[in-house]
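The values are calculated or read from the model by the stated rules, or taken from the named source; none is laboratory data. What you are looking at is a predicted structure, and each value in this text was computed from that prediction instead of being measured. Don't worry about glycine lacking a Cβ; one is built from the backbone with ideal geometry, like all the others, and counts go over all protein chains shown.
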Amino acid sequence: MTHQHDGGAHLHGEIHDSGAHLHSNPDQDADPAQFWDEVYREKTKRWSGNPNPQLIAEAKGLAPGTALDLGCGEGADAIWLAQHGWTVTAVDVSAVALERAEAHAVDVGLPDRITWLQRNFGSWHPEAGFDLVSSQFLHSPLLPWRDFLASAAAAVAPGGALLVVGHHPDGLTPWSGHKDMKDKFFTPEDLVEALTNGPETWRINVADSRERAVTGPDGQHATTIDSVLRATRTSGAHTS
């Protein structure tokens with residue numbers, strides 16, 4: 001496994017249902033790496049360590065190849081992909097998250113299938129040509145989701161898959177602290193509209209709103225809604 005840093009350029013992390021509270025109105029000039037490092041340092045382990053269920057549901061039927069995990073956090077999704085035959089490039093803004101992710105990969109005896117990159121998605125754009133580009137709950141108060149989606153879509157190879165999962169704005173949990181951040185979240189219809197208005201052409205395989213039972217940090221129970229998009233890139237650009 002390799003772990004590469006890139007000066008001041010990094011990719012922001014994800015927001016899950018674990019009770020993490022993010023400032024809804026941070027300084028828009030804030031350094032993303034510092035912002036997300038502080039978020040991760042609030043807890044010794046921010047996420048469960050388990051892969052996201054929608055990733056498993058949608059990726060288990062795909063033939064393994066090269067995968068890009070955007071906003072990899074502490075690495076559970078990247079590790080699951082590597083364990084199922086994928087060669088993974090896993091990217092996040094936070095050095096703290098990436099250190100935990102790499103340690104997790106070592107702990108499970110993972111083969112040399114993951115490259116860890118520290119990047120700022122606001123200024124960095126991934127190389128094209130991945131068989132799968134996955135983003136699971138990559139929401140940030142510092143980056144418009146439409147900008148992220150365009151960059152993620154451009155990284156998918158023709159014939160490859162784009163998988164985007166996020167919080168539906170109507171399904172935020174009471175303890176999330178994100179009720180005033182609804183513009184940072186999206187519906188499946190939002191994703192389809194933005195994707196099909198981009199330069200690539202796509203076949204939409206899945207565009208669903210999926211309810212999921214979750215447990216809060218103090219044992220609260222609620223139902224959240226995941227917005228799920230899986231699409232296959234059919235060509236490099238629209239034809240007139």
Any idea which of (1) within 22 Å of Gly166 (Cβ to Cβ); (2) at pLDDT below 95; (3) surrounded by fewer than 17 Cβ atoms within 10 Å (Cβ to Cβ) is the one Lys60 doesn't satisfy?
(2)
Wholly enclosed strands (runs of 3 or more DSSP E) of region 138-240 bearing at least 1 residues under 15 Å from the mean Cα position of the chain (by Cα) and among the hydrophobic types (A, V, I, L, M, F, W, C)
156-167, 221-235
Filter region 86-118 down to the residues that are part of a loop (DSSP other than H, G, I, E, B) and modelled with pLDDT under 95, then identify the one that is nearest to the chain's Cα centre (by Cα).
Val93
Note on region 100-117: residues touching a residue at least 24 places away in the same chain (Cβ under 8 Å) and of a type in the set (D, E, K, R) are Arg100, Glu102, Asp112, Arg113
One residue is enough: does region 196-207 have a residue meeting the conditions within 17 Å of Gln136 (Cα to Cα), among the charged types (D, E, K, R) and buried (at least 17 other Cβ atoms within 10 Å of the Cβ)?
no
When Val133 is run through (1) surrounded by fewer than 21 Cβ atoms within 10 Å (Cβ to Cβ); (2) assigned to a strand (DSSP E or B), the failure sits at (1)
When region 63-95 is checked residue by residue, the ones that are of a type in the set (S, T, N, Q) and surrounded by 19 or more Cβ atoms within 10 Å (Cβ to Cβ) are Thr89, Ser94
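Per-residue answers, yes or no, for (1) within 26 Å of Gly61 (Cβ to Cβ); (2) at pLDDT below 95; (3) of a type in the set (Val, Ile, Thr):
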{"residue": "Glu193", "(1), (2), (3)": "yes, no, no"}
{"residue": "Asn197", "(1), (2), (3)": "no, yes, no"}
{"residue": "Arg210", "(1), (2), (3)": "yes, no, no"}
{"residue": "Gly219", "(1), (2), (3)": "no, yes, no"}
{"residue": "Asp226", "(1), (2), (3)": "yes, no, no"}
{"residue": "Ala231", "(1), (2), (3)": "yes, no, no"}
{"residue": "Gly236", "(1), (2), (3)": "yes, yes, no"}
In the list Leu191, Leu98, Leu172, which residue meets the criterion of being more than 25 Å from Ala213 (Cβ to Cβ) and buried (at least 18 other Cβ atoms within 10 Å of the Cβ)?
Leu98
Matching option when the condition is assigned to a strand (DSSP E or B) and at pLDDT 95 or above, among Leu55, Leu68
Leu68
Cβ-Cβ below 7 Å, separation at least six or inter-chain, first residue in region 213-232 and within 15 Å of Phe186 (Cβ to Cβ) and surrounded by 15 or more Cβ atoms within 10 Å (Cβ to Cβ), second modelled with pLDDT of 90 or more and among the polar types (S, T, N, Q): which pairs?
Ile225/Ser209; Asp226/Gln54; Ser227/Thr187; Ser227/Ser209; Val228/Gln54; Arg230/Asn205; Ala231/Asn205
